[in-house]
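Written below as structure tokens is the structure these notes are about.
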Amino acid sequence: MVLLHVLFEHAAGYALFVVKEVEEIGLLIPQVEESLLNVGKFNNIVKLAAFSPFKSAQSALENVNAISEGVLHEDLKLLLETNMPAKKKKALLGVGDAKIGAAIQEELKIPCQTGGAVAEILRGIRLHFHSLVKGLTAQSASKAQLGLGHSYSRAKVKFNVNRVDNMIIQSISLLDQLDKDINTFSMRVREWYGYHFPELIKIVSDNYTYCRMAKYIGNRKELSEEKLEEMEEILMDSAKAQAVLDASRSSMGMDISPIDLINIESFSSRVISLSEYRKELQEYLRSKMSQVAPSLSALIGEVVGARLISHAGSLTNLAKYPASTVQILGAEKALFRALKTRGNTPKYGLIFHSTFIGRAAAKNKGRISRYLANKCTIASRIDCFSEIPTSVFGDKLREQVEERLAFYETGEAPRKNLDVMKEAQQEATEVVTEIKRKLDKKEKKRKKREKRQLEALAVAQEAEEEEEPTQKKSRENGEEEEEPKKKKKKRHAEPEVSENGMEEETPSKKKKQKAAAEEAPQKPKKKKKSKEENES
């Protein structure tokens, strides 16, 4: 008879259960489902054979990572070797994950089973685990699960602030949106201000400059020679500034009210601020691309590189794509339309916006796009999988594309790829060592700073500890001075005891003096009365 064991992985540790009456359970799965809800009935089916708790949170995380990757961890190996029957042919191990089952079967030669009755039994174990294991409460089990869940998720994300390509995706999307919005708003300013000064549209073609001029000029009738210098600064052209001044004097535009002019000026200032923010965003994108994908940005440019990453979803996804996919990335509609109609497939997608394809002749556009896509794929893989990405490979790949363009035009033979990559490898190692040296220097400085801070804190704590005994002594002295005063008060307040044992309240000094003063005059009166009685 084959004895079924079930392995259960919990946040608290590994548990190995022995299943009784394996043949009946295998046949009567509905009965198993019914008995799952009742702990008493389930205890008759399953018995805990061994429980191996995790030593620490770090150990738990390592084990969970190993299970998720389908690798047999040393802790699990030890548990199975210790507690599984010696005759492996008569034992059958039920596991929840097929990957870990395959790893156990390969390494320990223990036959494993997944699904069917095993899945139902595991469901019951998961439901009643805290009651099946002694000393484990439902609260402690849920705490262990929550803690391990957080640490596992954190480890899976592997968050690195400097290598986040999500920021690039968001930045390029916002940049495209800003371009559309600025263009729409600028056209609105042109149309609105064109009623008052229509000649300015022909003189100033740039949207940003037009909005600045519309805001500065305001009412064209107030434009004079005094404003010519400032207009030259805005337009960066004295001839255009003079043309604007001449056009304002003979303009055929309608008059405009001050309130309309205020609205036009406020809207123009909004468009100007949006344009300035777009410049800042482009600078931010450039700096982010130099951190995340320096080789790709050196080869094809920051904006085109960012669009490729955005379209692929991430830098890792782009690195996984073959060169043929990168070539037509962004032209999916045209590709599927060509496949449907059996027409010519597109030669390029987003990489068309690079300068290389524009510079190539019409007959060479397809060839250069294919070559450029190949180099883009290499650059993205270098950026994605290198520890310290540098722009050395990107610069060398760019030189290769330039040489290929020259070869198509003049026939001059380009350098071999092997020679170029050897040069790039040497330069990259030098750059990486320099970067590492700088990073080590920064780390040493940081450690020194932390050490100084800790020393300062230790000195401050010592000073506080020295001050504490002196404060205690002063407090004790103060208490000692207060105690005799309290004792004196207590002595004064003690009541006098009369001869019969009853307590008599002691009058205060003033009361005593009053009583003495009252008794003193009464005594001589008694004497006088006694003398008078004797005389009589």
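Coordinate-derived values only; no laboratory data. As the structure is a prediction and not an experimental result, all values here were calculated from the model.
The Rg/Rh ratio for segment 280-370 is 1.01, where Rg is the radius of gyration of the alpha carbons and Rh is the Kirkwood radius. Distances between placed amide hydrogens fall under 5 Å for residue 50 paired with 16, all partners being 5 or more residues away or on another chain. Near residue 10, the amide H atoms lying under 5 Å from its own belong to 15; only residues 5 or more places off or on other chains count, and H is placed 1.01 Å from N. For segment 232-247, 3J(HN,Hα) computed residue by residue from phi via the Karplus equation (6.51, -1.76, 1.60; θ = phi - 60°) reads 5, 5, 6, 7, 6, 7, 6, 5, 5, 4, 5, 5, 5, 5, 5, 5 Hz, glycine and proline entered as x. For residue 94, the residues 5 or more places off, or on other chains, whose built amide H falls under 5 Å of its own are 5, 6, 7, 113. Rounded to the nearest whole Hz, the Karplus-based 3J(HN,Hα) values (6.51 cos²θ - 1.76 cosθ + 1.60, θ = phi - 60°) of segment 317-322 follow the sequence 4, 5, 5, 7, 6, x, with x at glycine and proline. Applying the Karplus relation 6.51 cos²θ - 1.76 cosθ + 1.60 with θ = phi - 60° to segment 43-56 yields 3J(HN,Hα) values of 4, 6, 8, 10, 9, 6, 8, 7, 9, 10, x, 6, 5, 8 Hz, where x marks Gly and Pro.
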